[in-house]
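Step one of this worksheet: look at the structure below.
The values are calculated or read from the model by the stated rules, or taken from the named source; none is laboratory data. Note that the coordinates shown come from a computational prediction; the quantities given were computed from them, not determined experimentally. Don't worry about glycine lacking a Cβ; one is built from the backbone with ideal geometry, like all the others, and counts go over all protein chains shown. These accessible areas exclude ligands, DNA and RNA; they are computed on the full protein's heavy atoms, side chains included. Shrake-Rupley method; radii C 1.70, N 1.55, O 1.52, S 1.80 Å.
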Amino acid sequence: MKIDLPELQGDPIYVAREKCKLAAEQVNGRVITEDTSLVFNALGDMPGPYIKWFLDSCKHEGLNRILNGFDDKSCYALTVVAYFDGQEIHVFEGRTAGKVVPARGEKAFGWDPIFECTEGEVSGKTYAEMSAEEKNSISHRGRSFRQLKEHISKNNGAIFY
């Protein structure tokens, strides 16, 4: 179910928890929410959860220009999945290390062309240059949802009634 939630401000864990709480109140039941961030280490964790707005305003080229003057181009992609089970909120974080580079690859999805992975066999490729299988194997989103799946499996596998 797609519901309209306010754009919250704060660190990614706070945003995810509050978003989940608001969604659970709106649907009056169990929910899963997710929030994605792109964190530039040189900028003290910004743009973080505000990446959508930065990308809309600055585009790929502007996100690169933001780091002009910084030697550190490292970043990480973060997805925080929050799950309200009817009683409490559970939070699952998935991170993928990378660096900000000039756009490469298909420009079809968000900031994928400027995020170059620095992990594993796909190191050196932007998300936009990866196959879906490669991206899913190391993506921040995949990692957080695999944690959620493991949590649900350990708790009888039922998430909705």
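See the values below:
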{"item": "Residues satisfying the stated conditions in region 124-139, i.e. open to solvent by less than 30 Å² (accessible area, probe 1.4 Å) and either out of contact with any helix residue (DSSP H, G or I) (no Cβ under 7 Å at 6 or more places or on another chain) or farther than 21 Å from residue 34 by Cβ (or both)", "result": "126, 139"}
{"item": "Whichever residue in region 17-38 is touching a helix residue (DSSP H, G or I) at 6+ places or on another chain (Cβ under 9 Å) and open to solvent by 50 Å² or more (accessible area, probe 1.4 Å) and, among such residues, is farthest from residue 85 (Cα to Cα)", "result": "34"}
{"item": "Test: residue in region 96-118 that is within 16 Å of residue 142 (Cα to Cα) and surrounded by fewer than 19 Cβ atoms within 10 Å (Cβ to Cβ)", "result": "yes"}
{"item": "Identity of the residue in region 1-49, in a strand (DSSP E or B) and of a type in the set (A, V, I, L, M), that ends up farthest from residue 110 (Cα to Cα)", "result": "31"}
{"item": "Verdict on residue 121 being charged (D, E, K, R), within 22 Å of residue 65 (Cβ to Cβ) and surrounded by fewer than 21 Cβ atoms within 10 Å (Cβ to Cβ)", "result": "no"}
